[in-house]
1. What pairs can you find where one residue is in the stretch 77-103 and farther than 21 Å from residue 20 by Cα, the other is of a type in the set (A, V, I, L, M), and their Cβ atoms are less than 6 Å apart, with a gap of 6+ or different chains?
2. Please verify whether the stretch 18-32 includes one or more residues that are surrounded by 13 or more Cβ atoms within 10 Å (Cβ to Cβ) and touching a helix residue (DSSP H, G or I) at 6+ places or on another chain (Cβ under 7 Å).
3. Return the residue satisfying two criteria in turn: it lies in the stretch 12-63 and is under 13 Å from the mean Cα position of the chain (by Cα) and of a type in the set (Ser, Thr, Tyr), and of such residues it is farthest from residue 98 (Cα to Cα).
Amino acid sequence: MMPRDTNVHGTIFGGVILSQIDQAGAIACRACGVARVVTVSMKEVVFREPVYVGDVVSFYAEVVKVGTTSMTVKVVVEAERLRTPGPPVLVTDAEVVYVAVDEGGKKSPVPRASAQGR
């Protein structure tokens, strides 16, 4: 993480992490054959550890539920400390719900969900 992403406390602004969670989850939706998604909700996000400038932050996303037009993605965020080497620390995790949309922004079926119903 870079200095431009810091808050007044000198740690990485939580909104930056939330934005990255949203992006990681949306990318994971591609595994369902979906090109366009919109975010519907993000369940409670609790920041367990701060993220500092220079930390390497990893976002691990996995689709955990597929509906007719929606996908729920679990995103886990870990940080490798620049100043204190060691195992990564758990920063936070979240469940994010996305809805597949067409080019006009209308809900569209998730191909993987349609195939499961056959």
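1. Nothing qualifies.
2. Yes, the stretch 18-32 contains a residue that is surrounded by 13 or more Cβ atoms within 10 Å (Cβ to Cβ) and touching a helix residue (DSSP H, G or I) at 6+ places or on another chain (Cβ under 7 Å).
3. By that ranking, first place goes to 58.
Where a number appears in this text, it was derived from the coordinates with a stated rule and is not lab data. Keep in mind that this is a model prediction, so the values were computed, not measured. All Cβ positions, even for glycine, are placed from backbone atoms using ideal geometry, and neighbour counts span all protein chains on display.
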